[in-house]
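Structure first, commentary second.
The values are calculated or read from the model by the stated rules, or taken from the named source; none is laboratory data. This is a predicted model, so every value here is computed, not measured. No Cβ is skipped: glycine too gets one built from the backbone with ideal geometry, and neighbour counts run over all protein chains shown. Accessible surface is based on the protein model in full, side chains and every heavy atom, while ligands, DNA and RNA are left aside. Shrake-Rupley method; radii C 1.70, N 1.55, O 1.52, S 1.80 Å.
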Amino acid sequence: MTPLPRHLLPDTAAVGPAGQLMIGGCDTLELARKYGTPLFVYDETHLRARCREAVAVFGDGAIYAAKAFLCTAMARLANEEGMRLDVATGGEMHVALRAGVPASDLVFHGNNKSVVELEAAVEAGVGRIVVDSFEEIDRLEAIGKPASVLMRITPGVEAHTHEYVATGHDDTKFGFTVSTGAARDAAERLMRSSVLELEGVHAHIGSQVFRAESHAEALAVVADFAAPLGVAEVCIGGGLGVAYVAGEAAPTITEWGQSLRRAAARAGLDAKLSAEPGRAIVAAAAITLYTAGTIKQIPGVRTYVAVDGGMSDNPRPVLYGSGYETFLPRAVGAARTREIRLVGKHCESGDMLVREGLVPEDLALDDIISTPVTGAYGHSMGSNYNKIRRPAVVFVADGQARLVVRRETFDDLMLTDVG
Ligand code: LLP
């Protein structure tokens, strides 16, 4: 029944003269009017602060996992703040290069990189390719050009997160398994390779992990594996969890980094420690603004509030059962006493944004309604289902808003339709 907890809002969030939510000195209701809804609003100061935090603990081992949210403005921002970029496909690599990020600052990931993608990566001169399989070693050796690689291992550590985003246990499609000896065989092969330079060992045990100890345990296994190889770098991947709803709390990037540093020291690691946070950099930096449309009250059952977006701009509730909060930006500090279910405008019942939401009692048609902590894996996993146009994205700072991704048009929906 309480107001929205402050820690779920971006760093520069403040309450304006009329009780409305301000971010980066901009009135969120005016942003909705100017740019339309649904709209992703990112606090640029918050984004920069999280990048700096990562660089402060990991130095040039700080790598932004671009899959969490990627557009040229974001790629540039992370790189300006000193982060390298993890790109997981040819498409992500393309956007990062277009943004002007030097190829040498890119770390190329993926469990099934195609020959075309690998050729493009080698040709561009990406800093590191993280090899994931024996097939990939074959492909790179066939390309025959020198490349610096990390090898991804599966350390056999449970990450305590949703099954779909856990990757550290043995039963996974990612990486070389330590327990079966595949990792050792791959390392031997890479050490012998005349074209590939084994620079390091990588592991990523999963995403939205709240226990920093899970990463520390994985790091111990990775460090142990890496030690006899004498490699220069050990990368622990990403996965630091963030708080999405009231009552949740997560370690900060600094706390996470320090716990990893301690684990590295315990393991006697003398290689460079690197990490690839994605969600922890961008998730809480953004909110999504929607317009409330149909309000369907079913006496004795519940109230459905339908907005102008849905699973196409945030598929996480549908995919992982993820929880979010709701609030009204016009009254950000108001008590939330009315129970609602926030749903989208897609043609299926599962199209849900917030299963059990709370809003102020006076919620009305055409109100701007918001979900916080939507900066990670919302826009990046967005779709055009039902031919819905993907939302615009604005960055706000110091009283200025800049459009960094424009809203799609109906004609954009036809761009690839050559029928
Ligand atoms: N490094 C690697 C190799 C990864 O696979 C990932 C995420 C990361 C870093 C960044 O993880 P983060 O710090 O963002 O947790 N769509 C899901 C998350 C999928 C994560 C995939 N890999 C979600 O919305 O929860």
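Answer yes or no: is there a residue in the range 330-338 that is away from the ligand (no atom under 16 Å from the Cβ), free of Cβ contacts under 8 Å to residues at least 40 places away in the same chain and not hydrophobic (A, V, I, L, M, F, W, C).
yes
With (1) open to solvent by 40 Å² or more (accessible area, probe 1.4 Å); (2) under 17 Å from the mean Cα position of the chain (by Cα); (3) not acidic (Asp, Glu) as the list, and residue 120 as the residue in question, which single condition is left unmet?
(2)
Quick one: in the range 242-275, of everything that is more than 16 Å from the ligand (Cβ to nearest atom) and assigned to a loop (DSSP other than H, G, I, E, B), which residue is least open to solvent (accessible area, probe 1.4 Å)?
Among those residues, the one meeting the criterion is 271.
Just give me the residues in the range 78-98 being under 20 Å from residue 279 (Cβ atoms), among the hydrophobic types (A, V, I, L, M, F, W, C) and surrounded by fewer than 22 Cβ atoms within 10 Å (Cβ to Cβ), in sequence order.
Scanning the range 78-98 gives 88, 95.
What number of residues in the range 129-148 are touching a Leu at 6+ places or on another chain (Cβ under 9 Å), open to solvent by less than 50 Å² (accessible area, probe 1.4 Å) and among the charged types (D, E, K, R)?
Total satisfying the criteria: 1.
Run residue 319 past the list (1) surrounded by fewer than 17 Cβ atoms within 10 Å (Cβ to Cβ); (2) part of a strand (DSSP E or B) and report the number of the one that doesn't hold.
(2)
Please determine whether any residue of the range 306-323 is among the charged types (D, E, K, R), within 16 Å of the ligand (Cβ to nearest atom) and touching a Pro at 6+ places or on another chain (Cβ under 6 Å).
Yes, the range 306-323 has at least one match.
Among the residues of the range 58-77, which ones are open to solvent by 20 Å² or more (accessible area, probe 1.4 Å) and within 16 Å of the ligand (Cβ to nearest atom)?
67, 70 - these are the residues of the range 58-77 that are open to solvent by 20 Å² or more (accessible area, probe 1.4 Å) and within 16 Å of the ligand (Cβ to nearest atom).
Within the range 322-333, which residues are open to solvent by less than 40 Å² (accessible area, probe 1.4 Å) and farther than 15 Å from residue 8 by Cβ?
Selection gives 331 alone.
Among the residues of the range 33-45, how many are more than 16 Å from the ligand (Cβ to nearest atom) and touching a helix residue (DSSP H, G or I) at 6+ places or on another chain (Cβ under 8 Å)?
Within the range 33-45, residues that are more than 16 Å from the ligand (Cβ to nearest atom) and touching a helix residue (DSSP H, G or I) at 6+ places or on another chain (Cβ under 8 Å) number 4.
Would you check which residues across the range 224-241 are open to solvent by 40 Å² or more (accessible area, probe 1.4 Å) and either in a helix (DSSP H, G or I) or within 14 Å of residue 268 (Cβ to Cβ) (or both) and list them?
Matches in the range 224-241: 224, 227, 228, 230.
For residues that are assigned to a strand (DSSP E or B) and not β-branched (Val, Ile, Thr), scanning just the range 388-419, find the one that is most open to solvent (accessible area, probe 1.4 Å).
400
Considering each residue of the range 277-316, count those that are without any contact (Cβ under 8 Å) to a residue 60 or more places away in the chain and crowded, with 18+ Cβ neighbours inside 10 Å, and give that number.
Within the range 277-316, residues that are without any contact (Cβ under 8 Å) to a residue 60 or more places away in the chain and crowded, with 18+ Cβ neighbours inside 10 Å number 1.
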